[in-house]
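**Q** First, the structure itself, so that you have it in front of you.
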Amino acid sequence: GQNIDQPTEMTATEGAIVQINCTYQTSGFNGLFWYQQHAGEAPTFLSYNVLDGLEEKGRFSSFLSRSKGYSYLLLKELQMKDSASYLCAVSPPGNYQLIWGAGTKLIIKP
Amino acid sequence: DARVTQTPRHKVTEMGQEVTMRCQPILGHNTVFWYRQTMMQGLELLAYFRNRAPLDDSGMPKDRFSAEMPDATLATLKIQPSEPRDSAVYFCASGSGGTQYFGPGTRLLVL
């Protein structure tokens, strides 16, 4: 079957670093996406990993291990505006759909 | 700045009424998706199109929902008749590769 697991909720402090994990079991794999969704808004694209390793984009980095079926999103120098849900999604081969995780709600405290 | 647009942004209707939601995908994108999001269910794929052809609508209740792409600049999602359990945010997304770009959503409330 297809399954993507992420923690439901995480809390972190402004200025700190937080790592949001995502594990997946899917029949085939092309790549993994991370999206950010602020409350009341649409999901917005953050990153896409195809190969193993770390991709850095400013304060946000995303890591992928295909052999372990594991990814994480690393957020550094947290700001209050980073309070949002973070959605992990897998792209299966031969298919234009994405398989979505339920999302991790990140709460940033001052 | 190319964006997916959706109308209406909010809709309040009574049970039994028809609801039509519209989406204009980003110009040049050939894949269009309709999603529904609720607090309980997260993001659910209802239907998607590739080059205007429906590829999968298995997530959609067929008796009341229908999705079409009359042309490359317009996708529609209809609910007839609507029910209170249809209350949710409906997102349209478009893409040309793997990445999907979402519209702002239609927030539907069926009383």
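**Q** Please tell me if A:Leu46 is open to solvent by less than 40 Å² (accessible area, probe 1.4 Å) and at pLDDT 95 or above.
**A** Considered against the rule, which asks whether it is open to solvent by less than 40 Å² (accessible area, probe 1.4 Å) and at pLDDT 95 or above, A:Leu46 comes out as yes.
**Q** What are the residue pairs meeting all of these: first residue in region B:13-37, first residue loosely packed, with under 14 Cβ neighbours inside 10 Å, second residue of a type in the set (Lys, Arg), Cβ atoms under 8 Å, and 6 or more apart or on different chains?
**A** Short answer, once both residue conditions are applied: B:Glu18/B:Lys78.
**Q** Continuing with the same structure: Out of (1) open to solvent by less than 20 Å² (accessible area, probe 1.4 Å); (2) assigned to a loop (DSSP other than H, G, I, E, B), what's the single condition that is false for A:Ala16?
**A** Status for A:Ala16: all satisfied but (1).
**Q** Let me ask another. If I filter region B:83-111 down to residues being closer than 17 Å to B:Thr7 by Cα and hydroxyl-bearing (Ser, Thr, Tyr), which single residue comes out as surrounded by the fewest Cβ atoms within 10 Å (Cβ to Cβ)?
**A** B:Ser87
**Q** Applying the selection to region B:53-90, what residues are part of a loop (DSSP other than H, G, I, E, B) and within 17 Å of B:Cys23 (Cβ to Cβ)?
**A** Within region B:53-90, the subset part of a loop (DSSP other than H, G, I, E, B) is B:57-64, B:72-73, B:80-83, B:87.
Passing the criteria: B:Asp57, B:Gly59, B:Met60, B:Ala72, B:Thr73.
**Q** State which residue is surrounded by the fewest Cβ atoms within 10 Å (Cβ to Cβ) when the search covers only region B:38-54 and only residues that are facing chain A (nearest Cβ under 9 Å) and within 14 Å of the chain's Cα centre (by Cα).
**A** The selected residue is B:Glu44.
**Q** Right, next: Mind checking which residues of region B:55-95 are at the interface with another protein chain (Cβ under 10 Å from one of its Cβ atoms) and touching a residue at least 12 places away in the same chain (Cβ under 8 Å)?
**A** Answer for region B:55-95, where residues must be at the interface with another protein chain (Cβ under 10 Å from one of its Cβ atoms) and touching a residue at least 12 places away in the same chain (Cβ under 8 Å): B:Gly59, B:Val89, B:Phe91, B:Cys92, B:Ala93, B:Gly95.
The values are calculated or read from the model by the stated rules, or taken from the named source; none is laboratory data. In this text, all values refer to a predicted model and were calculated from it rather than measured experimentally. Cβ coordinates were reconstructed from backbone atoms using ideal geometry, including for glycine residues, and neighbour counts include every protein chain displayed. Ligands, DNA and RNA are stripped out before the accessible areas are found, and what is left, the full protein with its side chains, is counted by its heavy atoms. Shrake-Rupley method; radii C 1.70, N 1.55, O 1.52, S 1.80 Å.
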